Amino acid sequence: MKKITSLVAVLFCMATFTVFGQDVAGTVVTGIVTDNQGSLLPGANILVKGTSNGTLTDFNGRFSVESKEQSGTLVVSYIGFAAKEVQFAGSKSVGTIVLESDSFGLDEVMIVASVAVDRKTPVAVSTLKAEEIALKLGTQEFPEVLKSTPGVYATKSGGGFGDGRINLRGFNSENVAVMINGVPINDMETGRVFWSNWAGLSDVTSSMQVQRGLGASKVAVPSIGGTINIVTRTTDVEKGGNVSMSTGNDGYQKYGFSLSTGLMDNGYAVSISGAKTFGEGYVDGTEFDAVSYFVNISKEINERHTLALSAFGAKQTHGQRQSRSRIEDYRQSERGRKYNPDWGFKQGQVTHIENNEFHKPQISLNHYWDISDRTDLSTAIYYSNGSGGGSGTGGDERDKLTNNIPGEDYRIGAFGPIDLDRIVAENRARGANGSSAIIRKSVNNHNWYGLLSTLKTSLTDHLTLLGGVDVRRYRGIHFREVSDLLGGQYFLDDNDVNNPNKAARVGDKIDFHNDGIVNWGGLFTQLEYDKDNLAAFVSVNASYTGYKRIDFFDKLDSDPAQETDRETFIGFGAKGGANYNFDEYQNVFVNVGYFERAPFFRSVWPTFDNDAVNAEAENQKIFSAEIGYGLRTEKLAANINVYRTEWNDRTEVFTFQQADGTQAFANILGVNALHQGVEFDFSYKPFDILTFTGMVSVGDWTWTDDIENVNIINEEQEVVDTVNILIEDIPVADAAQFTSALGMRLEVMPETTLTVDYNYYDRIYADFDPSDRNTADALDPWQMPSYGLVDAALRHNFTIGDFETTITGRMNNVFDTEYISDAQDRGGLAQDALVWFGAGRTFSLGAKIKF
Amino acid sequence: MKKILYILAFVGVAVASCDPLEETFEELDAISNPDQVGEVEVTMTDDDYDEIDNELVAANKGFADLDQAKELLPALLASKFPGLGKQSTGIVNYGFFKGFPAASVPFDENYEVTEEDYEAQGGNVAKFGNFSSLEQIVAFLNTQFPTPADGFLVELEYVFFDGNSPRDRVGYFRYTASDWTEESFELNEKYTVTEEDYEAQGGNVANFGNFSDQEQINTFLNSKFTNAVQHTVVKLTYDFFDGQVNELTNVFQFDGASTWTLKDGALISIDDYEAMGENFPNFSDQEEAENKLPIYLKNTFDQFAVEGDVHEFIYEVFNSSLTGSNRTEYTYVHLVFDGSQWNLSRDVLPTTLSFAHDGTKWVPDNTVNYDFVSADFDLIVEELTGADGFENQVGNLDNFGNFNRTGGSSSWSDAQLLEAINIVLLANFPDAEIGQKYNASFATFNSGVVVESKKVVLNDSGRYEFFDESAN
């Protein structure tokens, strides 16, 4: 009831704004504006040259502008596109005006990246352009900018810089394909996406598109929840640049610059940008520092060939809040929501016990070849090298660092920082025995390189065939190293058979050292049909995954078993869809697909032992179907879609011992979930200067089946154990099943824009591991309190001399609402749940000067 | 106009985003917040003894025995730490007042007769403002105590005219069978046994004219001092035969029932008093005695004393307000050698008593807190490897050094934990008695390392079982 009243209140308030329109007689010129792929461009600027007479295109891409004169010139412009001038004479239509992007190769990237085209690609889509990201992102985590997209639940997690996460339709990042310029960036071993690896991404994104459900990607990607398609800037056609600086809450500061040479006479165009961001973080102990960079060099070799080299990355280090605490702990701590147990004081300096530093540059060379009028080939060769890791505690007495030694208190005050000086003194006192509690770093370096090549050819006027290959080789290097001895002389580690009883010092490897090698090869093909009002596609893909594990600690260097055999798995998928445009206003689409996805690396060696291989690990099976309807009128754009995704055979490996002591595995099938729901979003523009947006997403996501009394049988046909996983009808956790948003964007004055957004989240359950639910009478996971947040942003453009300047101010969580964004279930009760509180009010103020 | 609308818009939005955690916080508050739990340690100071609700303890700066300490200390803990509640634990270091406190008459009530009382009696009592006969006293007592219980003993302070002059007196009057009688008590006496006394005892004592064992002395003292009370002390000079006959002077203390205990070596001889600079065989006050005796003891008595040696003395302190032949009082001191000097025992004999708060009050608690160490986990792994139903648990414990409690396949149930606790406690404390309680604390894993504690008690079959506090 509260939600309805509040929504109505907000709607009422916003709907009472009035604006007075113009009232001029004369010639009326009409037309349609599209981009170079044929997508309608709502919101494009139409200006009668030499006057201040202008308008914007509506949701159908149509405009109607009045001019005092009978003839003249229209200037059509839109951010991200080169402005175009069109002559008009008399009151009639000037037809369809096609705008070209103002960056090299962006159109080609759009194809590689399978960016969806409105009213053609049969998928549920939301797109965010760079301008909106720049306006609204502020100091938020990158995925949080997608908050108002249906099906999205994004939080800051613990609150460290880059630690945010996004769930799409209830699926976490393992099941959401994230792609940058068409190249999937999900980790090859775990399938997850760590946004802290991509700290500079927000500055270089030109558009971000969320395709919910199966998505339009041709490449074999785990798009169970959907795909997040990020397209970066390429090289600007125009010469110029900008400098920017921002400041914000908790010492946040960012300084950046961007430079473009524009297209030079020798055919090259270079764009570079860089930024330094640092601050203390909203949460205690989350100080961070990041340097991000972006370089793009394009060369138009000739009319048919374009080459672009891009490299971007961000070197960052940030303190983290990895540990969750009970709600009462936050309430009792003086620091409230900012309470973080994972840091301490050492010699008066804040020292992070949990922190992360990473640098992952991504370099790609893109080649676009217009082979003929009907055929073109896009190829991307890419290389990425990640280095860094996260720190944590180590040693027999590592519980000192988490204050979990019974009878002892290692914090300075109740819920205070850890007294590292005391631990240093104790380690020192151990003398020749070395440290018993250290800070160690889990390093996860990796390098991967690959090639993604797509051939597109028009078989007929209406039929297009695409096909391609996607190959990649990945090596992940995992080890732990001592990062701080905390006063002791050394740290004794006996986990390396090649160097037993090692007296490890800072930088030496301890605990484990292994490599994971993944070879990936995929083939895909897609057939597209586009005639009149019907557009349809069918696509098929197959992939091969080969895993290998090398263990440098558990196996002697002389032992050939140090490197395992290659375990191979095959995945495949097929999907199809169709979009039918009833008329220029309405369309309907449908898509359906099935794919099987290879198990993750961890399912193949579940006990981290080269000799214990689960070679029979099963593929996960996904079936999805979706139907949608779209409406585009002059002032209103609305979409509604209904989906059903079955996710079957979530990997469940049961480990047991054989009679001879060796470990064996049983792959339990039948852990299934069903995610279905309805999504609705709209954009309403009663006047040129005012836009309302909103969405409602209602999900019904549950685990569907109990696994009961499955007997695990060993080689001797004896029943070793019985497995019970009782999860039928338990709701899927860790994402809000009901989300809604309402937004307003108002041009208060010609150069000033104000946006206010309200987001409401409901039906969020505390996270639990389905594998752990073995008892019939366990309580359902705790349902977290629903919450609503308000964000606002204000931007003003003006000129300082010749320089266009923009100031932007943003405030998130305007009302400083206290809420819990993440929770881990412990027995179904609020008092035991381990949670992270969301951030309170945060703000930033920035200026950008263009030259 | 626009501004008003903006404000309205924001108000509308504000309504929508009010406090989402209000209900959750109320829910958490409703769960009875445990009282502050604390662990305290108290070492009794003189001021602390003064707080004890027992005159003797306060005066002597020590408890008579363990039971008295258990009875009186809870109140002290409650007043010192009013904020602590259930499950708090406390350790109190206190001293015993070793040996015997001064004998005192076990009266039921003490009363000092006032001028008004005399006046109210009328007659001669009123006229002279004193009593001159037992009848007058009895008459007064009947007025003052109209309905006494049978056996009621009054300590009366009054003025008595003995024929010569009025004197202040303290007398004891007991009400028995509707009548008041005066009683006298022997508190500390000196006596030398006479020939007649030996004869009156009969038997061997009469035959030989001496005592040859404690029992004979006991019988004699019981017959001689019929008005002795608990802690009454008699300094007896007598002949004792242990192969040869010696005249001994010893101190005997009465237990209030029928036993006299010899306080060995406690007497200070006249020579000793002289050596300590006293003209008479007594000290002028307790303080002087406590100052001089330790030094004297060291210099004179025990040149071969070793740390922990104990010496008891009974000495006499002169009390000028007493009349008659016996104007000294016995006081007792207990000295302990610490390796270099003698100290009063109450300063060096701290004994420790543990208490726990049960939610209402402090109760003596013999629960021992025990925190598991790595060696204990190793022992559990050793003992339970191969045990049925423990395979996953033991493997997990061996790897991580804590008990998994997440509910998964390698999770320890409460019953399994009890098994592990038994292994550890039986190995570490093989001599524990039945009924001994332990509070075992150990690291567990439940989405993070968490310390869990379980209270167990050793039952009749020699196994530890869970102890449910709420049942107490």
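Data table
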{"read-out": "Every residue from the range A:64-77 that is in contact with a strand residue (DSSP E or B) (Cβ under 6 Å, 6 or more places away or on another chain) and part of a loop (DSSP other than H, G, I, E, B)", "value": "A:Gln70"}
{"read-out": "Qualifying residue in the range B:95-110 (condition: free of Cβ contacts under 8 Å to residues at least 60 places away in the same chain and of a type outside the set (D, E, K, R))", "value": "yes"}
{"read-out": "In the range B:451-467, residue nearest to the other protein chains (Cβ to nearest Cβ) [restricted to those that are of a type outside the set (A, V, I, L, M, F, W, C) and part of a strand (DSSP E or B)]", "value": "B:Ser453"}
{"read-out": "Listing of strands (runs of 3 or more DSSP E) fully contained in the range A:775-831 that carry 3 or more residues being free of Cβ contacts under 8 Å to residues at least 24 places away in the same chain and facing chain B (nearest Cβ under 7 Å)", "value": "none"}
{"read-out": "The one condition in (1) within 24 Å of A:Val497 (Cα to Cα); (2) in contact with a Pro (Cβ under 7 Å, 6 or more places away or on another chain) that A:Asp565 fails to fulfil", "value": "(2)"}
{"read-out": "Criterion violated by A:Asp409 - all others in (1) within 14 Å of another protein chain (Cβ to nearest Cβ); (2) surrounded by 16 or more Cβ atoms within 10 Å (Cβ to Cβ) satisfied", "value": "(2)"}
{"read-out": "Residue in the range A:729-767 that is farthest from A:Leu690 (Cα to Cα), counting only those that are of a type in the set (D, E, K, R) and surrounded by fewer than 19 Cβ atoms within 10 Å (Cβ to Cβ)", "value": "A:Asp729"}
{"read-out": "Checking A:Thr30 against (1) touching a Gly at 6+ places or on another chain (Cβ under 8 Å); (2) surrounded by fewer than 22 Cβ atoms within 10 Å (Cβ to Cβ); (3) hydroxyl-bearing (Ser, Thr, Tyr), the condition it does not meet", "value": "(1)"}
{"read-out": "Odd one out for A:Ala839 among (1) within 25 Å of the chain's Cα centre (by Cα); (2) in a loop (DSSP other than H, G, I, E, B); (3) surrounded by fewer than 21 Cβ atoms within 10 Å (Cβ to Cβ)", "value": "(3)"}
{"read-out": "Yes/no for A:Ile764 being at the interface with chain B (Cβ under 9 Å from one of its Cβ atoms) and at pLDDT 95 or above", "value": "no"}
{"read-out": "Number of positions in the range A:206-253 that are of a type in the set (Val, Ile, Thr) and either assigned to a strand (DSSP E or B) or in contact with a Lys or Arg (Cβ under 7 Å, 6 or more places away or on another chain) (or both)", "value": "9"}
{"read-out": "Hits in the range B:365-392 (condition: within 14 Å of another protein chain (Cβ to nearest Cβ), more than 25 Å from A:Phe654 (Cα to Cα) and part of a helix (DSSP H, G or I))", "value": "B:Ser374, B:Ala375, B:Asp376, B:Phe377, B:Asp378"}
{"read-out": "In the range B:56-72, the residues that are outside any loop (DSSP other than H, G, I, E, B) and in contact (Cβ under 8 Å) with a residue 60 or more places away in the chain", "value": "B:Asn60, B:Leu66, B:Ala69, B:Lys70"}
{"read-out": "Test result for A:Ser101, surrounded by fewer than 20 Cβ atoms within 10 Å (Cβ to Cβ), touching a residue at least 24 places away in the same chain (Cβ under 8 Å) and in contact with a strand residue (DSSP E or B) (Cβ under 6 Å, 6 or more places away or on another chain)", "value": "no"}
{"read-out": "Residue identified as touching a strand residue (DSSP E or B) at 6+ places or on another chain (Cβ under 6 Å), surrounded by fewer than 24 Cβ atoms within 10 Å (Cβ to Cβ) and modelled with pLDDT under 90 among A:Ser206, A:Ser157", "value": "A:Ser206"}
{"read-out": "Residue among A:Gly61, A:Gly43, A:Gly50 that alone is away from every other protein chain (no Cβ under 14 Å), modelled with pLDDT of 75 or more, at positive phi and out of contact with any strand residue (DSSP E or B) (no Cβ under 6 Å at 6 or more places or on another chain)", "value": "A:Gly50"}
{"read-out": "Listing of strands (runs of 3 or more DSSP E) fully contained in the range A:564-675 that carry 1 or more residues being farther than 27 Å from B:Gly395 by Cβ, without any contact (Cβ under 8 Å) to a residue 40 or more places away in the chain and small (Gly, Ala, Ser)", "value": "A:567-581, A:620-632"}
{"read-out": "Residue that is surrounded by the most Cβ atoms within 10 Å (Cβ to Cβ), among those in the range A:464-510 that are touching a residue at least 60 places away in the same chain (Cβ under 8 Å), over 33 Å from the mean Cα position of the chain (by Cα) and part of a strand (DSSP E or B)", "value": "A:Phe491"}
{"read-out": "B:Gly448 vs. criteria more than 39 Å from the chain's Cα centre (by Cα), in contact (Cβ under 8 Å) with a residue 12 or more places away in the chain and within 14 Å of chain A (Cβ to nearest Cβ)", "value": "no"}
{"read-out": "Meets criteria (modelled with pLDDT of 75 or more, outside the structural domain of B:Asp67 (by TED's automatic domain parsing) and not charged (D, E, K, R)) for B:Phe318", "value": "yes"}
{"read-out": "All positions within the range A:589-620 that are buried (at least 16 other Cβ atoms within 10 Å of the Cβ) and over 30 Å from A:Asp496 (Cα atoms)", "value": "A:Phe589, A:Val590, A:Asn591, A:Val592, A:Gly593, A:Phe595, A:Glu596, A:Arg597, A:Ala598, A:Glu618, A:Asn619, A:Gln620"}
{"read-out": "Options A:Tyr410, A:Tyr383; residue that is farther than 23 Å from A:Ser333 by Cα and modelled with pLDDT of 90 or more", "value": "A:Tyr383"}
{"read-out": "B:Tyr172 being surrounded by 12 or more Cβ atoms within 10 Å (Cβ to Cβ), more than 19 Å from B:Gly256 (Cβ to Cβ), aromatic (Phe, Trp, Tyr) and within 35 Å of the chain's Cα centre (by Cα)", "value": "no"}
{"read-out": "Residues that are more than 11 Å from every other protein chain (Cβ to nearest Cβ), surrounded by 17 or more Cβ atoms within 10 Å (Cβ to Cβ) and not in a loop (DSSP other than H, G, I, E, B), drawn from the range B:397-415", "value": "B:Leu397, B:Phe403"}
{"read-out": "Any hit, the range A:392-401, residues being outside any loop (DSSP other than H, G, I, E, B) and more than 14 Å from chain B (Cβ to nearest Cβ)", "value": "no"}
{"read-out": "Among the candidates A:Ile371, A:Ile405, A:Ile363, A:Ile381, residue that is within 30 Å of A:Lys299 (Cβ to Cβ), of a type outside the set (Asp, Glu) and part of a loop (DSSP other than H, G, I, E, B)", "value": "A:Ile371"}
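Condition check ((1) out of contact with any Cys (no Cβ under 6 Å at 6 or more places or on another chain); (2) within 14 Å of chain B (Cβ to nearest Cβ); (3) surrounded by fewer than 18 Cβ atoms within 10 Å (Cβ to Cβ)) across all residues:
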position	(1), (2), (3)
A:Ser310	yes, no, no
A:Gln332	yes, yes, yes
A:Tyr382	yes, no, no
A:Asn403	yes, yes, no
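The values are calculated or read from the model by the stated rules, or taken from the named source; none is laboratory data. In this text the structure is predicted, and so the values were computed from the model without any measurement. Every residue, glycine among them, receives a Cβ derived from its backbone with ideal geometry; neighbour counts consider all protein chains shown.
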